[in-house]
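Structure first, commentary second.
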Amino acid sequence: MKYKIIAFGCQFNIADAEKVAAVLEMVGYQKAENEKEADLIMVLACSVRQTAIDRIYGLKKRFEKIKKSRPLITVLSGCVLESDKVKMAKFFDLVIDIKDLARLQKKLTKLKVLVSSKQAVNYFEIHPSYNSKFIAYVPVMNGCNNFCSYCVVPYTRGREVSRSAKLIIKQCEELIVNGYKEIVLLGQNVNSYSDGKTNFPKLLKTIDQIPGNYWLSFATSHPKDMSDELIKVMALSQHVIPYLHLPVQSGDNEILRKMNRHYTVSHYQSLIKKVRQLMPNITLSTDVIVGFPGETKNQFLKTLSLFKKLKFDMAYIAQYSPRLGTVAAKMADNVSLKEKKRRQLVLTKILGQTAFEHNKSLVGKNMPVLVDGYKDGFCFGRTKNFKNIKFTSAVDLTGQLVLVKITDFYAWGLVGQLPKVVVILGPTSSGKTKLAVKLAKKFNGEIISADSRQVYRGMDIGTGKDLAEYGLVPYHLIDVASPKEQFTLAQWQKLALEKINNVLERGKLPIICGGTGLYISALVSGYQLSAASYKLSPIRKRLNKLTLKQLLLKLKKVDPKTFKIIDKNNRRRVQRALEIYYETGQPKSARQANRIPPYNFLIIGLNVSKDILYRQIEKRLKQRLEKEGMINEVKRLHQQGGVSWQKLQDFGLEYRFTSRYLLKKITYQQMFDQLNQAIRDFSKRQMTWFRQQLRTSEFLAEKGLKVIWLNNHKAIVSQIKIFLGR
Ligand code: SAM
Ligand code: SF4
Ligand code: F3S
């Protein structure tokens, strides 16, 4: 048995549809792809305007036609006025109050269509079957006590009832742990929220404190009781998006009075002023009704002038529609349909102009975007300040929060591209730092070190930090850990992403510079690493010993999905899929969707000939030993820093050989010669790693990325210019 839900109206009905789905699934129904294969169709009505109700009457014929050819159960729920309920009951098999949803099962039993029987809980706490894997609607309250004179909601949804804060917070925690990227809290007037102990600002603040990478938003606030406390919580929050929907309904005080809104235009303006003072970049949207009973041209002009003054980004402009049973329905609906349409158009035009101006000012900025769809090489989504955006991408990033550079704009949307990041890699002593500093100066960049040893404080000379070379160029991710701690690849990846985003948000070019291939590979290939330390070599060593057949057998066991689609003759790919499983504890197939935010990478490898490289290694080594005081650094780390000889030996060649010399195991000359040779060998290994790992990376290949090996500055500069489109 299959079900299909048709939901009209606002986000409340979307949230309710997810509860309906959960109840139907609990009793054994499955979601139908389309109406044709449905055995049960449930309609969630919206009564806010007559047009939405007319569409439900329009379904009558459709149902009758289907029912002639096969059995079909039709159920009506949602926001329906009593008067409509009576009429609609004639063509629906069942009409049920949404708050009675838990009893749907019982009612269906009476119709004898149930497959299984399990008991559901009360309406509010029915665990929804979410439509999306990354956006979740969380109702915090239901109903409304405001009785605006035009509105049916208090009649269809009843009086306000708030959910328990504890349960809301628990639901949000679960969503965040499950990777949801946006939580939308719903209430007809969230400022009236109270469970007896917690008010809405406090609830919002508590949810905001849940750690994670997600956005938080809410709808809707009523201007009559939008509090300073709420504005403050929004402004100081980490996750609440800079977007406020504050329905004004009219720019005329007399109309507002007749609407029973309990605020004046100047109160509304003062709210917007406060909001903009604390959050200058906020996106504002509103609701307006044109042609309310008795609205004169003059009164409409006041709404128009308010629109010009406040410059909204978005507005839902509705033509007044009389609703039976409301106070306004008793007033004469005396503005003609033609005039209502005209007023709607005039406001839409002004809105278009102000939104156009706002969007224009966003060009060139890098903004976080939640991607919600992918088609024909374009990702579609919403910026953090609630603007529609599309951008080209070689991969489908649906469900991810990514940073996007705004490149073009329309009144109703933005166009962007993934931000650009330059990577400079090369073996030790190849002159990467000097080059990166030059490039940073030329292209207004900041450098992020990708060196597994430069992260440690107090280890400057042996790790070749070349501090003098940076000048005024910001250089990140050096000195971020104590040599006594274990600093993992996953930690570096997390920090590197934060730094890249910070640099981009400052409007500058991130330049990743380093010789730790594993770091660079983790960043550009985008695998999300767990916080556990990432030890590649033992896993690889173990897998290297197995035959392709043995590898395939293992893969079939741990990741059957990948096994099915993988090229079974490509040993490298099979092994890599297994490595991902062992490194991350998750199959490759499960991790595909879990990629970290991507960028447009330009990867430049510094190609220095062996002779020159060896000469540079020797020169640099002499300099470190004779001029920069490397031996003293090692002594200091041991004596004052408390770093054991053993640990120092593990930090890498320079520290290993210097420690041996200090322990009098080798002479100075032996140290110099052995170290010189070891660094040469290391540079060779680095090159092999870069060439093999990065060349054969599946992810890079998928994105058409490869390392461009160059050896002169001029060629590198022109490559970057092409990349940046300058
Ligand atoms: N609770 C929210 C508030 O007070 O702002 C609004 C909820 S209401 C369901 C959504 C919007 O529908 C209202 O803001 C109003 O602009 C519009 N609306 C409600 N009743 C209407 C009517 N009778 N005719 C036209 N638009 C209406
Ligand atoms: Fe309707 Fe007014 Fe309640 Fe909003 S606040 S749902 S417009 S009655
Ligand atoms: Fe929403 Fe329509 Fe009900 S706007 S609350 S679904 S009447």
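Read-outs: derived from the displayed coordinates by stated rules, not from any lab. Bear in mind that the values here come from a model prediction, so they are computed numbers and not experimental data. Neighbour counts run over all protein chains shown; Cβ positions are idealised from the backbone, glycine included.
Taking the Cα atoms only, what angle lies between the long axis of helix 337-360 and the longest principal axis of the chain, rounded to 10 degrees? That works out to roughly 10 degrees. Taking other Cβ atoms within 10 Å as a rough exposure proxy, T206, T109 sort from fewest to most as T109, T206. Taking the chain, the Cys residues with no second Cys beta-carbon under 4.7 angstrom are C10, C46, C79, C144, C172, C379, C513.
The phi torsions of the range 132-148, fed into the Karplus equation with coefficients 6.51, -1.76 and 1.60 and a -60° offset, translate into couplings of 10, 8, 9, 10, 10, 8, 10, x, 9, 7, 9, x, 8, 10, 7, 6, 4 Hz, rounded to whole numbers, with Gly and Pro shown as x.
For the chain, the longest principal axis of the Cα atoms and the long axis of helix 668-689 meet at an angle of about 40 degrees.
Each residue of the range 361-371 in order: what ³J(HN,Hα) in whole Hz does its phi give by Karplus 6.51 cos²θ - 1.76 cosθ + 1.60, θ = phi - 60°, with x for Gly and Pro? Ordered by residue, 3J(HN,Hα) equals 6, 8, 4, x, 7, 9, 10, x, 9, 9, 7 Hz. Pairs from the table (K2/K65; K4/K36; K258/K340; K19/K61; K302/K340; K19/K106) lying more than 21 angstrom apart at Cα are K19/K61. Comparing Cα centroids, the range 134-161 and the range 416-474 end up 55 angstrom apart. Look at the alpha carbon pairs under 8 Å that are at least 6 residues apart: their mean separation over the length of the chain gives a relative contact order of 8 percent. When only Cα pairs below 8 angstrom with a gap of at least 6 residues are kept, the range 592-672 shows a relative contact order of 15 percent. Highest mean first, the peptides 492-504, 625-637, 65-77 sorted by other C-beta atoms within 10 Å per residue fall in the order 492-504, 625-637, 65-77. From least to most packed, judged by other beta carbons within 10 angstrom and beginning with the fewest, I512, I98, I317 follow the order I317, I98, I512. Residue by residue, the range 51-56 carries 3J(HN,Hα) couplings of 4, 5, 6, 4, 5, 6 Hz when phi is fed to the Karplus relation 6.51 cos²θ - 1.76 cosθ + 1.60 (θ = phi - 60°); x denotes Gly or Pro.
Annotation: amide H of H476 within the under-5 Å range of I447, I448, S449, sequence separation 5 or more or interchain, hydrogens built in the peptide plane.
Here the gap between K106 and N569, fully extended at 0.36 nm per residue and compared with their Cα-Cα distance, gives a gain of 161.0 nm.
Based on C-alpha pairs under 8 angstrom that are at least 6 apart in sequence, the range 3-133 has a relative contact order of 31 percent. For the range 473-516, a simple Cβ point-charge model (Lys and Arg +1, Asp and Glu -1, everything else neutral) yields a dipole of about 80 debye relative to the Cα centre.
With just the Cα atoms defining each centre, how far is the range 189-213 from the range 229-246? Give it in Å. Comparing the Cα centres of the range 189-213 and the range 229-246, I get a distance of 11 Å.
Based on the alpha-carbon gyration tensor of the chain and its eigenvalue square roots a ≥ b ≥ c, which shape applies: rounded if a/c is under 1.5, prolate if not and a/b is larger than b/c, or oblate? It is prolate, given that a/c is not under 1.5 and a/b is the larger ratio.
For the peptides 561-572, 386-397, 604-615, the ranking by mean Cβ contacts within 10 Å, running from highest to lowest, is 386-397, 604-615, 561-572.
Between K438 and W645, the C-beta separation translates, for a Förster distance of 41 Å, into a calculated FRET efficiency of about 0.60. Listed from fewest to most Cβ neighbours within 10 Å, the set I96, I448 follows the order I96, I448.
Taking amide H positions as modeled 1.01 Å from N, with prolines and chain starts lacking one, the residues under 5 Å from V290 and 5 or more places away or on another chain are A318, Q319, Y320. Taking Cα atoms only, the orientation of helix 59-69 departs from the longest principal axis of the chain by about 80 degrees. In the structure displayed, which of K438/K508; K31/K556; K494/K556; K107/K166; K405/K561; K274/K308 lie more than 25 Å apart, Cα to Cα? Where the Cα-Cα span goes over 25 Å, the pairs concerned are K31/K556; K494/K556; K107/K166; K405/K561. Bridge orientation summary for the chain: considering DSSP beta bridges with both residues in this region, about 25 percent are antiparallel. About the centre of its Cα atoms, the chain shows a dipole size close to 1660 debye [charges on the beta carbon of Lys, Arg (+1) and Asp, Glu (-1) only; nearest 20 debye].
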